[in-house]
1. Considering only the range 348-363, how many residues are surrounded by fewer than 20 Cβ atoms within 10 Å (Cβ to Cβ) and in contact with a strand residue (DSSP E or B) (Cβ under 6 Å, 6 or more places away or on another chain)?
2. Hey, could you check the range 393-420 for residues that are of a type in the set (A, V, I, L, M, F, W, C) and surrounded by fewer than 19 Cβ atoms within 10 Å (Cβ to Cβ) and say which is farthest from Val340 (Cα to Cα)?
3. So, Ile306, is that one over 16 Å from Phe401 (Cα atoms), surrounded by 22 or more Cβ atoms within 10 Å (Cβ to Cβ) and in contact (Cβ under 8 Å) with a residue 24 or more places away in the chain or not?
4. Tell me, yes or no, whether the range 264-274 has at least one residue that is of a type in the set (Phe, Trp, Tyr) and buried (at least 17 other Cβ atoms within 10 Å of the Cβ).
5. For the range 391-455, please list each of the helices (runs of 4 or more DSSP H) lying entirely inside it that holds at least 3 residues being among the aliphatic types (A, V, I, L, M).
6. Kindly list the number of the only condition in (1) farther than 28 Å from Gln227 by Cα; (2) within 25 Å of the chain's Cα centre (by Cα); (3) among the basic types (Lys, Arg) that fails for Lys264.
7. Restricted to the range 433-465, and to residues that are within 21 Å of Val224 (Cα to Cα) and touching a helix residue (DSSP H, G or I) at 6+ places or on another chain (Cβ under 8 Å), which residue is surrounded by the fewest Cβ atoms within 10 Å (Cβ to Cβ)?
8. What residue, of Arg311, Arg303, is in contact with a Pro (Cβ under 6 Å, 6 or more places away or on another chain) and under 18 Å from Arg157 (Cα atoms)?
Amino acid sequence: MKLATTMTVNRLTDVVWEIPKTEKPGMLVPARIYGTETILGAMDAGVFEQVTNVACLPGIQRYALCMPDGHWGYGFPIGGVAAFDVGNGIISPGGVGYDINCGMRLIRTDLTLADVKSRLDALMTELFRTVPAGVGSKGFVHLSRRAFQDVMRNGARWSVEQGYGWDSDLTHTEEEGCLGGADPEHVSEQACQRGIGQLGTLGSGNHYLEVQVAKNDRVYDRHVAEQFGIHGDDQIVIMVHCGSRGLGHQVGTDYVRIFEKAMKRYGITVKDQQLACAPYRSPEGQNYFAAMNCAANMAFANRQVIAHQIREAFRRVFRQSPEKLGMRQVYDVAHNIAKVERYEEKQFLVHRKGATRAFGPGSPDVPEPFRTIGQPVICGGSMETGSYLLVGTAQANAESFGSTMHGAGRTMSRAQAKRTIRGATLQQTMAERGILVKAVSMSGLAEEAGIAYKNIADVVESVDTAGITRKVAELLPIGNIKG
């Protein structure tokens, strides 16, 4: 097999590969990559360089990991997972990403494809009107500075208390939609100004709102699916992918600069300046953790407001209440975050950068409704191919710090995608295939063409075979809102 690296890569199983720590000076632990042989062979060279650079960071534990959707990113590869000792390890914005708590939310309904098909154009038009998308988009929620601080402290709870959602949404959200330790005092004025008007907005890039259908022959674990509220039978569901918008990006920018200076004081050297970091227990590390949690809470609140807007759009189009339409939330999960978690009676700071938490049955961090079966995992594919609902496993807790992939993963740069395909042509061909797309920008639409992404089925098969997640259902797109 020809790889994009000259490093030694050893096969551990059909879908787990390891780069020994002798392959690069400074590596403290081996690096592991998940994926089939085909996926590994298609990995870009940046993945191998970046995951082994991560393996050199102070306090790293066991392995530096990359999931099968992995590709080159900022500092860490997208799809990167690394756990650090909370006592002598570091925290790194490059291991979280600039879009802090970019994540996924899935809402199920009692509607079927037959109910929606004749009204799909009206529905997508109403969703496009109701949920602002695109670069710099502003939401309908107007906040004072004090109210925005409450959002940063309280996350999705704030949204529900304001009437933007149901209490059951919180019990079906990671950490009930609010991370502790958030302190707005450590968020810059510039970050606040960038985020204060963006609650309830999608943004741009690979963020989207998608109407999907769950078909009977694409439900792979009926028992778990039914526990999640998915029965198949051409059932309509809605998936949202977005994060903390300008607030998270500015928090990342601010603390990369702070950490670049702090590393000198703490005697830390890194293989790549994009891995700028500070000891987790240091004042700088704790300040970033507090600011990161603020941005994460804003993202939870953002997706909560969007869920409210989606329900209102459905109410107007179908002239029934969201309750009667059965629009209950399945789950909301982050995939750009650093969290303190316990494994084998020891605390670790787990960085997930384009990777999803995937806790198995019995974990106290899994919401009570799912504790006997495992945490829902929402994996977004490209807008042309569909997405997946999976479930976490005990093996993930034991092997991958309770982590799995988050999406399909890019194989083509945005610039190359725009050179390869025209957005208007893509929109037309997708409509001919029964997928109605509303987009703010045709060039932005071209960036997200299916050819720019890995085969989502291969990515999902990799983690299912590895045992760190089990596939539950495939969800096929019929309508998409793209920034």
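The values are calculated or read from the model by the stated rules, or taken from the named source; none is laboratory data. Being a predicted model, the structure only gives us computed values, none of them experimental. All Cβ positions, glycine included, derive from the backbone under ideal geometry; neighbour counts span all protein chains shown.
1. Final tally of qualifying residues: 0.
2. Ala415
3. Against the criterion (over 16 Å from Phe401 (Cα atoms), surrounded by 22 or more Cβ atoms within 10 Å (Cβ to Cβ) and in contact (Cβ under 8 Å) with a residue 24 or more places away in the chain), Ile306 qualifies.
4. no
5. Result: 394-399, 423-432, 442-447.
6. It fails just one condition, (2).
7. In this case the residue turns out to be Ser462.
8. Only one candidate qualifies: Arg311.
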